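The values are calculated or read from the model by the stated rules, or taken from the named source; none is laboratory data. What you are looking at is a predicted structure, and each value in this text was computed from that prediction instead of being measured. Here the Cβ positions follow ideal geometry from the backbone for every residue, glycine too, while neighbour counts run over all protein chains shown.
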Amino acid sequence: MTMTHGGRAKLFSWFFGADHVLIENEDHLRHTFSVEEIFSILSCIQTEFARRWFPLANNVEKMYRRTERPGLGTTIHQMRPGDTLHAQGASYLGVVLEEIGILEWNGRPRGISWRLINHPGDLSTLRALLPKHASSPV
């Protein structure tokens with residue numbers, strides 16, 4: 001079992017199968033990210049931030065109004081414009097990417113940020129990292 005960061009932390013589980021990461025939280029809300037989508041997200045993060053810290057940036061209202069600062073949530077939202085629920089999955093995906101050694105968290109429950117410490121380089125490397133670290137069910 002894994003937990004998101006922040007004051008409203010949620011327990012969740014995740015696993016990798018059929019070329020997708022499936023995340024399910026304690027309220028049974030699900031988020032699904034394909035390996036290709038995750039790789040695209042990481043590539044965008046690398047281009048925009050390199051190894052600098054980037055925020056969670058997944059405030060629903062700000063994403064809807066297009067006033068949210070660049071970060072993980074807004075990167076996801078740009079790939080599926082209008083799908084703020086999917087972009088809210090950034091809270092979970094960021095933690096999954098920490099667990100597999102791709103991101104580093106700043107350790108703050110408020111002002112959550114990460115930095116890219118290990119871009120996988122290609123899809124096959126990303127796939128190889130994912131199955132080894134799936135969490136147990138909620």
So which residues in segment 2-59 are of a type in the set (K, R) and closer than 16 Å to V96 by Cα, if there are any at all?
K10, R30
Which of the residues that make up segment 33-53 are assigned to a helix (DSSP H, G or I), within 26 Å of G17 (Cβ to Cβ) and without any contact (Cβ under 8 Å) to a residue 40 or more places away in the chain?
S40, C44
Of those in segment 87-114 that are at pLDDT 95 or above and of a type in the set (S, T, N, Q), the residue nearest to P131 (Cα to Cα) is S91
Filter result for R8 (loosely packed, with under 13 Cβ neighbours inside 10 Å, in contact (Cβ under 8 Å) with a residue 60 or more places away in the chain and in a loop (DSSP other than H, G, I, E, B))
no
Determine which member of the set L126, L116, L93, L130 is surrounded by 14 or more Cβ atoms within 10 Å (Cβ to Cβ), farther than 22 Å from L22 by Cβ and touching a residue at least 60 places away in the same chain (Cβ under 8 Å).
L116
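Results for (1) over 16 Å from the mean Cα position of the chain (by Cα); (2) on the phi > 0 side of the Ramachandran plot; (3) part of a strand (DSSP E or B); (4) polar (S, T, N, Q), shown as yes or no for each residue.
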| position | (1), (2), (3), (4) |
| --- | --- |
| N58 | no, no, no, yes |
| Q78 | no, no, no, yes |
| A87 | no, no, no, no |
| Y92 | no, no, no, no |
| R110 | yes, no, no, no |
| G121 | yes, yes, no, no |
| A128 | yes, no, no, no |
